[in-house]
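Asks: Okay, here's the structure, questions in a sec.
The values are calculated or read from the model by the stated rules, or taken from the named source; none is laboratory data. None of the values given here were measured: they were computed from a predicted structure. Neighbour counts run over all protein chains shown; Cβ positions are idealised from the backbone, glycine included. Accessible surface areas use protein heavy atoms only, side chains included; no ligands, DNA or RNA. Shrake-Rupley method; radii C 1.70, N 1.55, O 1.52, S 1.80 Å.
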Amino acid sequence: MSELLTVSVAVYNVEGYITQLLDSVVSAKNKNEIEALVIDDGGTDNTLNVALKYQEQYPSVIHAIH
């Protein structure tokens, strides 16, 4: 059984940087061993929408939470 690494990231108005973070997570060699919880802290930009788009594309890896 492989172990799962969970990365929890609190985000607030980081629309300009969130794709860099999420791209690095989804580029992991074995996506079955990593997941990211992207927790939007009530920001006013499109950070949550970007995370939701990644969640649609990688539902077992990215989990967007508002």
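Asks: Which trypsin sites (Lys or Arg not before Pro) does the chain hold that lie in a coil by DSSP with at most 15 other beta carbons within 10 Å?
Replies: Here the sparse-neighbourhood loop sites are LYS29.
Asks: Right, something else. Rolling a 1.4 Å sphere over the protein heavy atoms, what is the accessible area per residue of the chain, to the nearest Å²?
Replies: Heavy-atom accessible area per residue stands at 66 Å².
Asks: Can you list residues from other chains, or at least 5 along the same chain, whose modelled amide H is less than 5 Å from the amide H of VAL11?
Replies: ILE39, ASP40, ASP41
Asks: Next up: At 222 nm, what helix-only mean residue ellipticity would the chain give, in deg cm²/dmol to the nearest 500, using -39500 (n - 2.57) for each DSSP H run of four or more?
Replies: -9000 deg cm²/dmol
Asks: Follow-up. Would you work out what percent of the accessible area of the chain, with all protein chains in place, is carbon or sulfur (probe 1.4 Å)?
Replies: Percent of accessible area from carbon and sulfur atoms in the chain: 50.
Asks: On to the next question. Given axes a ≥ b ≥ c from the Cα gyration tensor, I'd like to know whether the chain is rounded (a/c under 1.5), prolate (a/b larger than b/c) or oblate.
Replies: Prolate.
Asks: Sticking with this structure for a sec: For the range 11-16, just list the computed ³J(HN,Hα) in residue order, Karplus coefficients 6.51, -1.76 and 1.60, θ = phi - 60°, integers in Hz, with x standing in for Gly and Pro.
Replies: Result, ordered by residue: 10, 8, 6, 10, 3, x Hz.
Asks: Out of the chymotrypsin sites (Phe, Trp or Tyr not before Pro) in the chain, which ones are loop residues according to DSSP with at most 14 other C-beta atoms within 10 Å?
Replies: Qualifying residues, ordered by number: TYR12, TYR17.
Asks: Just want to confirm a number: the relative contact order over the chain, from Cα pairs under 8 angstrom separated by 6+ residues, in percent.
Replies: RCO, the chain: 39 percent.
Asks: Considering amide H positions built from the backbone, and no H for Pro or chain starts, which residues 5 or more places from ILE62, or on another chain, come under 5 Å of its amide H?
Replies: For ILE62, the qualifying residues are ALA36.
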